[in-house]
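The values are calculated or read from the model by the stated rules, or taken from the named source; none is laboratory data. In this text the structure is predicted, and so the values were computed from the model without any measurement. Positions of Cβ are backbone-derived with ideal geometry, glycine not excepted, and every protein chain shown enters the neighbour counts.
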Amino acid sequence: MTALLHTMADLSVGLRDPRAVVMTMGALHEGHASLIRAARERMGEHGQVVVTIFVNPLQFGPNEDFDAYPRTLAEDLEVARVSGADAVFAPSAATMYPTGPPETTVVPGEAAQILEGEHRQGHFTGMLTVVAKLLNLTSPKVAFFGEKDYQQLTLIKQMVADLNMPCEIVGVATSRESDGLARSSRNVYLSSEQRRTASAIPRALAAAVRAAESGARADGVLAAARGELSGVDLDYLQLRAPDLSPAPSEGEARLLVAARLGQTRLLDNVAVTLGGGR
C-alpha cells in the first residue's frame, strides 16, 4: 500500500532509509511512471521510493496556468502505487510556505538566463527553491528527474553540486507517445488539431539527429529541424553544449525546442553529435 503524507509530522514518521525521491506537480502519466519505476529498480526491495506532488506557485508567472494546472490526486495515488512508490508526499502551499513566499531563495546563474529563462522570468528561482526544500525535507540518497525538461535537470545538477547537497541526481530518458511526442501533463490542453501539429516537434528532432549522423554541423542540423516545423509557433530552437554553454562546432550537443500551440507551451530536446562524431 502506498502511504499518503500531507504534513511535516507525516514525513517524520513516514520515511525510512535508503530512499529515492521523484518530484512531480501531479497529473501523473506514463512519463512519471517511468521515473518511479527507475527509482524502484534502483532502491530494490528494501529501499523506499517517495513521490512528491506539489503544484509550486513560486515557479508560475502571473499569466501562466497555475490555477488551471490539473490536480488529480486520487488518480495520481493509483499511478504511484502501480509504479512502485511506497509513499506520496502531497503538501499544501501552507505546509511548504507557512509564512508566505520565502525570504531565502535559490538564484541560479547564467545557464538559467537562456532558453526558458528568457521566456519565464523567475521560473527557475521558484523551481530550484522548491526542489531544494523537498530535498531537505525528504533527504533522499538519489532523486530522479526526466530529461524532457533538460534545462531544469541541468540546473538541479548544478545546484546540488554547488551547494554540496548529499544527493545523486539521475536523469531519465524522455517518455514519448506513439508518434514521438514527449509526454507532458500539459498535453491534455491540446485540441485534436493542435495535437496533430505538435507531432511535428518529434519529427523535427528526428530529422536533426539524422542530419547530424550524416555529418552535418550546427547550421545543417538546425535547418533539418526547421524543415519539419513550418506552421509551428516557436519560442526557440537552439543547439547547446550538454552543460548548456554555447554549442561546439563538432561533438556532443543538445538541440532544445519550445513551441506554442494555442495557450500551451511544449518543450522537447534531443542529444546530437555535430559532424557525425568525425
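For MET127, are the conditions met, namely being part of a helix (DSSP H, G or I) and within 24 Å of PRO70 (Cβ to Cβ)? Yes: the conditions hold for MET127.
Here VAL55, VAL49 are screened, and the one residue that is modelled with pLDDT of 95 or more, surrounded by 13 or more Cβ atoms within 10 Å (Cβ to Cβ) and either in contact with a Lys or Arg (Cβ under 6 Å, 6 or more places away or on another chain) or over 22 Å from ILE169 (Cβ atoms) (or both) is VAL49. Beta carbons closer than 7 Å, at least 6 apart along the sequence or on distinct chains, pair a first residue in the range 47-66 that is touching a residue at least 60 places away in the same chain (Cβ under 8 Å) and closer than 18 Å to THR105 by Cα with a second that is of a type in the set (D, E, K, R) and in a loop (DSSP other than H, G, I, E, B) for GLY61/ARG120.
Taking the range 143-176, which residues are part of a helix (DSSP H, G or I) and within 29 Å of LEU234 (Cβ to Cβ)? Matches in the range 143-176: TYR150, GLN151, GLN152, LEU153, THR154, LEU155, ILE156, LYS157, GLN158, MET159.
Would you be able to say whether some residue in the range 112-121 is within 19 Å of the chain's Cα centre (by Cα), among the charged types (D, E, K, R) and assigned to a helix (DSSP H, G or I)?
Filtering the range 112-121 down to residues within 19 Å of the chain's Cα centre (by Cα) leaves 112-121.
From the residues that got through so far, the ones that are among the charged types (D, E, K, R) too are 116, 118, 120.
Checking which are assigned to a helix (DSSP H, G or I) leaves us with 116, 118.
For the range 112-121, residues within 19 Å of the chain's Cα centre (by Cα), among the charged types (D, E, K, R) and assigned to a helix (DSSP H, G or I): present.
Restricting PRO91, PRO140 to residues that are in contact with a Lys or Arg (Cβ under 6 Å, 6 or more places away or on another chain) and either surrounded by fewer than 18 Cβ atoms within 10 Å (Cβ to Cβ) or part of a loop (DSSP other than H, G, I, E, B) (or both) narrows the list to PRO140.
Any residue in the range 268-278 that is over 16 Å from the mean Cα position of the chain (by Cα), on the phi > 0 side of the Ramachandran plot, surrounded by 14 or more Cβ atoms within 10 Å (Cβ to Cβ) and free of Cβ contacts under 8 Å to residues at least 40 places away in the same chain? No, there is no match, as no residue in the range 268-278 is over 16 Å from the mean Cα position of the chain (by Cα), on the phi > 0 side of the Ramachandran plot, surrounded by 14 or more Cβ atoms within 10 Å (Cβ to Cβ) and free of Cβ contacts under 8 Å to residues at least 40 places away in the same chain.
Checked across the range 12-29, the condition of being among the hydrophobic types (A, V, I, L, M, F, W, C) and surrounded by fewer than 17 Cβ atoms within 10 Å (Cβ to Cβ) holds for at least one residue.
In the set ARG16, ARG40, which member is basic (Lys, Arg), over 16 Å from the mean Cα position of the chain (by Cα) and closer than 13 Å to PHE144 by Cβ?
Numbers: ARG16 fails: closer than 13 Å to PHE144 by Cβ.
Within the list ARG16, ARG40, the selection yields ARG40.
Selection of the range 58-88 for residues being polar (S, T, N, Q) and crowded, with 18+ Cβ neighbours inside 10 Å yields GLN59, SER83. Listed conditions (1) within 25 Å of TYR236 (Cα to Cα); (2) charged (D, E, K, R); (3) at pLDDT 95 or above are all met by GLU103, apart from (1).
What do you reckon, is LYS148 surrounded by fewer than 18 Cβ atoms within 10 Å (Cβ to Cβ) and basic (Lys, Arg)? Judged against the criteria, LYS148 is not a match.
Against the condition surrounded by 17 or more Cβ atoms within 10 Å (Cβ to Cβ) and either farther than 26 Å from VAL13 by Cβ or assigned by TED's automatic domain parsing to the domain that holds ARG37 (or both), how does LYS133 come out, does it pass? Outline the logic, then answer.
Working: surrounded by 17 or more Cβ atoms within 10 Å (Cβ to Cβ): yes; either farther than 26 Å from VAL13 by Cβ or assigned by TED's automatic domain parsing to the domain that holds ARG37 (or both): yes.
For LYS133, the condition - surrounded by 17 or more Cβ atoms within 10 Å (Cβ to Cβ) and either farther than 26 Å from VAL13 by Cβ or assigned by TED's automatic domain parsing to the domain that holds ARG37 (or both) - is met.
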